[in-house]
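K.L.:
Take this structure, written in structure tokens, and hold onto it; I'll ask about it next.
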Amino acid sequence: MLMLLYLTDKQVAERYGVSRATIWRWVKTGTFPRPVTFSPGCVRWSEAEVLAWEAKRLAERPEVKPRPSRRR
């Protein structure tokens, strides 16, 4: 049986080291997955969607070329 995990805004914010308000701002601007509303007081993010968003961001990250070493 597949078990889906859901995260609170606090858990998501802690994962990325940002405030809860930042998570909601990302949602509002469309840069972060929308949460699932289970009831008026119960809003959660699908862990699978959060991990997919994270993987996409990592894949889109520009490659950084190493700096040439300095000789002294």
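K.L.:
Using a cut-off of 17 Å between alpha-carbon atoms, which aspartates and glutamates can reach Lys56, once sequence neighbours fewer than 8 places away in the same chain are excluded?
P.N.:
Straight-distance partners of Lys56: Glu47.
K.L.:
So for the stretch 6-59, what are the equivalent ellipsoid semi-axes in whole Å, largest first, each being the square root of 5 times an eigenvalue of the Cα gyration tensor?
P.N.:
17, 12, 11
K.L.:
Mind checking which of Ala59, Ala21, Ala48 has the largest fluctuation in a GNM of the chain, springs on alpha carbons under 10 Å?
P.N.:
Of the options given, Ala59 has the highest mean-square fluctuation.
FYI, it's all coordinate maths here, none of it is from the lab. Please read all numbers here as calculations on a predicted model, not as lab measurements.
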